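Have a look at the structure below before the remarks.
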Amino acid sequence: MTGAFLAASAGFRRFLLRCACGAVGLAALLLAGAALPAPNNSAGPTIGVIYPDIGEPYRSVFTKIIEGVEDTSRARVVGFPVGMGVNPRDLAVEIRRQDIKVVIALGRHGLRAAAGLDKNVGVVVSGVLTVPDAEVRAVPVFSLSPDPALLFARLKSLLPGVRRVHVVFDPRQSGWLIKLAREAAKAYNIELLTYEAEDIKAAAVDYRELLASADPRHDALWLPQDSTTVDETSILPMVLQESWNRSLPVFSSSVSHVKRGALFSLYPDNVELGRNLGSVAQGIWNGTFGLRGIVPLKEVLVAVNARTASHLGLDLTARRQDFDLMFPEP
Amino acid sequence: MALIFPKTLYTLLALGWVASAVAQGTEEEDLALIYGDNSTVSIATGASQPLRRAPAVASVITAEDIAAIGATSLGEVLETVPGVHVSRASIRYAPLFVIRGIGGGSQTNPQVLLLQNGIPMTAMYNGDRGSAWIGVPVENIARVEVIRGPGSALYGADAYAGVINVITKTAADTPGTEAGVRAGSFDMRDAWVQHGGKWGAADVAAYLSVGSTDGIKETIGTKTIPTPGPLNTGYDAVDGSLNLSLDKWRFRANYKLRDNLQTGAGVSSALDPDSLGRVEELAGDLSWTDPAFAKDWAVGVTAAYLYYGFTYPTNLMLLPPSVKPPDGLIGGPNQWERQLRLSSNATYTGFAGHSLRLGLGHDDLDLYKAKTYKNYIFVGGVPVVTGPVLDYSDTDPHIRPHKRMVDYLYAQDEWRFARDWTLTAGLRRDNYSDFGGTTNPRLALVWEAAYDLTAKLLYGRAFRAPSFNELYGNNPVANGNPSLRPETINTAEAALSWQARKDTQINLSLFSYEARNMIRLAGISWANATEQHGSGMELEAVWDASRTLRLTGNYAYQKSIDEATSQDAGYAPHHHVYLRADWRFSPDWFAHGQFNWVADRARAPGDVRSPVPDYRTVDLTVRTAARKNDQWDIAFSVRNLFDAQVLEPSLFPVQIPGDLPQAGRSAWVQLSHRL
């Protein structure tokens, strides 16, 4: 290991090392300068992905989705980052120039930019929570809101005794999701008790009432991704405190609530979502996919709060493999 | 082809929903509803999460943190951790990790256990991580976990003041290929390439870094040579790693070379610009883990190998001819080690409310070769020049080859004995072939007091094994003592973790310790000479002031008393304040500032010099956000912006009266690119 190098003089060895340093640096620059051509397979479509040009950490959400789209083996993928100031017409010109016939529009920026595309370009939307359903029946929208059916399935697997789920929601934000939840609840033999609230004050009243009457043995509380009814600064601390005191299980559609004390949440498996979007885009391109409307998130990972589980009497020590993320961190 | 026409989208725009959607909030507000704060999105979109092993007072520094603080070496990373201060030895200017007042006052740093991916990196000669870890680059670090307090009940020897676990990147941590270059003050030049991807069915991560620096050249005077001269702190470095994983198997190899390693303020406190050392370390491990080995059983087995060679291709000029005519005092102590560590563990969760972890292992730690070149012998404790430099390896070596075998066994039970209460009890027995056995317990009581508040009470006993040099070294002014016993420490801790608000996390820890049988030079030999006790606290807070601004801060206090004199044990700061701001001032740009205040460092008992001067430093880093593929990232950092004078204490008895000067203002710029 040391032979030849040791035999050389210290000065010469240093010279060699500096050369190596330069060589690695040069290699780095050359590597960096040589943009690798994207795989081009004429058997599949070219998929354009329009996504918000935002900073970290949220940028990772979109880069992971794109990673998944790129996994769609037969497609060539071209990314179009768009900022607030993008001109949809310029984008349309570029997409026409590259002869792209199907586009995945991610996030609000992506959706807005996609609106300016030529009429013959197919569109699939994702990276958003919700789109008012009346307006979007003509395009498939893959929401980042976890499917209530998956939430209820996970709830039942953790707490088989739960029979009722309470949810306070703003119909303007979560109406579409609650419709789905009602159907899903039936399938899991759960009675879904819904409380409509269009402002924080009304939501607070609903929470107080339901927390006072809920039976921790058979009831659970669901926190949807609803900025009105799950206000982070006033509602959430009160709900988490009271439910802890009463040992009422709380689950959420937002992973950050698990960090703060909700029992579990489902959150996007962005790479897997990207793969699905890639398949859908191909289906649109070849005419085999024709569904419209909003679809809840089915590509999910599971986060759990171990200390809340312990507080509720759940022993997760033998089930740690069942969860992708476990709070609290050590 | 049944295409869906965006005509509907135009209609949709006309209806104004998009406008209203944008008006309702930004893109990030949508994502914040899913992920919440920045740290959660980083975890939830990342590939790995910290491991839960045992309750402790711990900090985790992620790759994102490391980029934010503009650190280019492990020492700069650790200075940000509450309760940790990074001082310097005068020899080679090696970093000393001082945790809760313990770890300074020496040329070595054996009271802190450094793990790489969970495996000890301890070189037996000095009992610390050795000089291969000087200037360790950070690009390949996925995260650093720091446990303050004792850890011997799980980790064995040297988990005494604390445990530092450096976890290198896997394929998932570094997808694609990234290359970068950096240049800066002190003629610092670094270049690196790393890659993560697939190799057949296996995940592969590879990393190579080369670099060199001339080091700081502050002027220093010593008693041995009263004429001040520049420090010698340069070195060349090569670091590489390979990480392969396939199903339940994982193979990792890490290589470190520090070449042309200069001697700092000199091995004998005589500035020595011409002597150059060379350290080579190769660490490899093969592990197999099955988290579902059988019902309720998780099992893991690891075999780890370490090669460590420390040589002086250019012999040391211990004393120059002006002090020791005619040719000066010249010496070249070289030694080589190889280590094999076999370990296995099993976790059983079949008893309701219990998680039982069992482990056993065997270490074969072999300093298998030593070579001593010199031009002198000691006569009556005084070095006498004998003529030309000769090989004294057989007749009067600095150390002879020695081997240490360790067998150990441990058990830990995490018992949830009541709602919101968990008791973790652990015990480890180590049998050493040279100094005998030691048993170390650990107890942790954890109370989930409220949904936002956790309280912990911890107790642990730990030990630090005497190094080979302390046991067997042959040096008439610092003789080895084969009858040395391990240093021990008993530590009690209390900790509170409070999620004060959705955007504010506060942690408080209190500690008290008693250290026994501490190994110091007593006359001309090593001995279990001193005892000390200490206490202190650490307070840390994280505040996400807005979606683009995070403020972090910590304050640490400690006081350690030497029991023989009832005076302060010295060297470590009583007060340490660290503040940091991370600001994303545009979607693609970050600015980071950090303030570090090291205060109130007493002298060791008997040292009548005035206290070590306090210092305050400010570092600024500006960088682009880690961009997507095919884009350049740039980072620029100014360290010690106001050019504060930074001094680390020199040892008592005093050879370097003016302490050890550290870097003034410096800067670097970095370019990196991901493919």
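The values are calculated or read from the model by the stated rules, or taken from the named source; none is laboratory data. Since the structure is predicted, the reported quantities are computational estimates derived from the model, not experimental observations. Note that we place each Cβ from the backbone using ideal geometry, even for glycine, and neighbour counts take in every protein chain shown.
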Candidate set from region B:549-596 (those that are more than 30 Å from B:THR530 (Cβ to Cβ) and of a type in the set (Phe, Trp, Tyr)); member that is farthest from the chain's Cα centre (by Cα)
B:PHE585
For region B:411-428, what are the residues that are touching a strand residue (DSSP E or B) at 6+ places or on another chain (Cβ under 7 Å), of a type outside the set (A, V, I, L, M, F, W, C) and more than 19 Å from B:ARG516 (Cβ to Cβ)?
B:GLN412, B:ASP413, B:GLU414, B:ARG416, B:ASP420, B:THR422, B:THR424, B:GLY426
Every residue from region B:562-575 that is part of a strand (DSSP E or B) and either surrounded by fewer than 17 Cβ atoms within 10 Å (Cβ to Cβ) or small (Gly, Ala, Ser) (or both):
B:GLN567, B:HIS575
Enumerate the pairs (first residue in region A:312-327 and closer than 21 Å to A:ASN270 by Cβ; second residue anywhere and modelled with pLDDT of 90 or more and surrounded by 17 or more Cβ atoms within 10 Å (Cβ to Cβ)) with beta-carbon separation below 6 Å, excluding pairs fewer than 6 apart on the same chain, so at least 6 apart or on different chains.
A:PHE323/A:VAL302; A:PHE323/A:VAL304; A:ASP324/A:LEU301; A:ASP324/A:VAL302; A:LEU325/A:ALA303; A:MET326/A:VAL304; A:PHE327/A:VAL258; A:PHE327/A:ASN305
Strands (runs of 3 or more DSSP E) wholly inside region A:92-152 containing at least 2 residues that are more than 9 Å from chain B (Cβ to nearest Cβ) and in contact (Cβ under 8 Å) with a residue 40 or more places away in the chain
A:102-106, A:140-146
Of the conditions (1) modelled with pLDDT of 95 or more; (2) loosely packed, with under 15 Cβ neighbours inside 10 Å, B:VAL379 satisfies every one except a single condition; which number is it?
(1)
For a quick check of your reading: which strands (runs of 3 or more DSSP E) sit entirely within region B:175-214 and have at least 2 residues that are farther than 24 Å from B:ARG258 by Cβ and either touching a residue at least 60 places away in the same chain (Cβ under 8 Å) or facing chain A (nearest Cβ under 9 Å) (or both)?
B:176-184
Scan region B:234-270 for residues that are among the acidic types (Asp, Glu) and more than 12 Å from chain A (Cβ to nearest Cβ) and jot them down.
B:ASP247
Among the candidates A:SER253, A:SER234, single out the residue that is surrounded by fewer than 20 Cβ atoms within 10 Å (Cβ to Cβ), among the small types (Gly, Ala, Ser) and within 11 Å of chain B (Cβ to nearest Cβ).
A:SER234
Any chance you could count how many residues in region B:367-388 are touching a Pro at 6+ places or on another chain (Cβ under 8 Å) and part of a loop (DSSP other than H, G, I, E, B)?
1
Out of region A:96-114, which residues are touching a Leu at 6+ places or on another chain (Cβ under 6 Å) and closer than 15 Å to A:VAL77 by Cβ?
A:ILE104, A:ALA105
Find all pairs meeting these conditions: Cβ atoms under 9 angstrom apart; at least six residues apart or on different chains; first residue within region B:377-389 and within 15 Å of B:SER268 (Cβ to Cβ); second residue among the small types (Gly, Ala, Ser).
B:VAL385/B:GLY328
Residue under evaluation A:ALA138, criteria (1) under 23 Å from A:ILE294 (Cα atoms); (2) assigned by TED's automatic domain parsing to the domain that holds A:LEU240, criterion not met
(2)
Taking only region B:382-400 into account, find how many residues are surrounded by 13 or more Cβ atoms within 10 Å (Cβ to Cβ) and either closer than 23 Å to B:ASP327 by Cβ or among the hydroxyl-bearing types (Ser, Thr, Tyr) (or both).
10
Name the residue, out of B:VAL163, B:VAL136, that is more than 14 Å from every other protein chain (Cβ to nearest Cβ), under 12 Å from the mean Cα position of the chain (by Cα) and either assigned to a strand (DSSP E or B) or of a type outside the set (Gly, Ala, Ser) (or both).
B:VAL136
Of all residues in region A:290-305 being outside any strand (DSSP E or B) and within 8 Å of chain B (Cβ to nearest Cβ), the one that is surrounded by the fewest Cβ atoms within 10 Å (Cβ to Cβ):
A:GLY290
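Okay, residues lined up against (1) surrounded by fewer than 18 Cβ atoms within 10 Å (Cβ to Cβ); (2) out of contact with any His (no Cβ under 7 Å at 6 or more places or on another chain); (3) not hydrophobic (A, V, I, L, M, F, W, C):
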position	(1), (2), (3)
B:VAL301	yes, yes, no
B:ALA304	no, yes, no
B:PRO321	yes, yes, yes
B:ARG357	no, yes, yes
B:LEU360	yes, yes, no
Would you point out which residue out of A:LEU221, A:LEU248 is more than 9 Å from every other protein chain (Cβ to nearest Cβ), crowded, with 24+ Cβ neighbours inside 10 Å, in contact with a helix residue (DSSP H, G or I) (Cβ under 8 Å, 6 or more places away or on another chain) and modelled with pLDDT of 95 or more?
A:LEU221
Restricting region B:42-64 to residues that are modelled with pLDDT of 65 or more and assigned to a helix (DSSP H, G or I), the one nearest to the other protein chains (Cβ to nearest Cβ) turns out to be B:GLU64
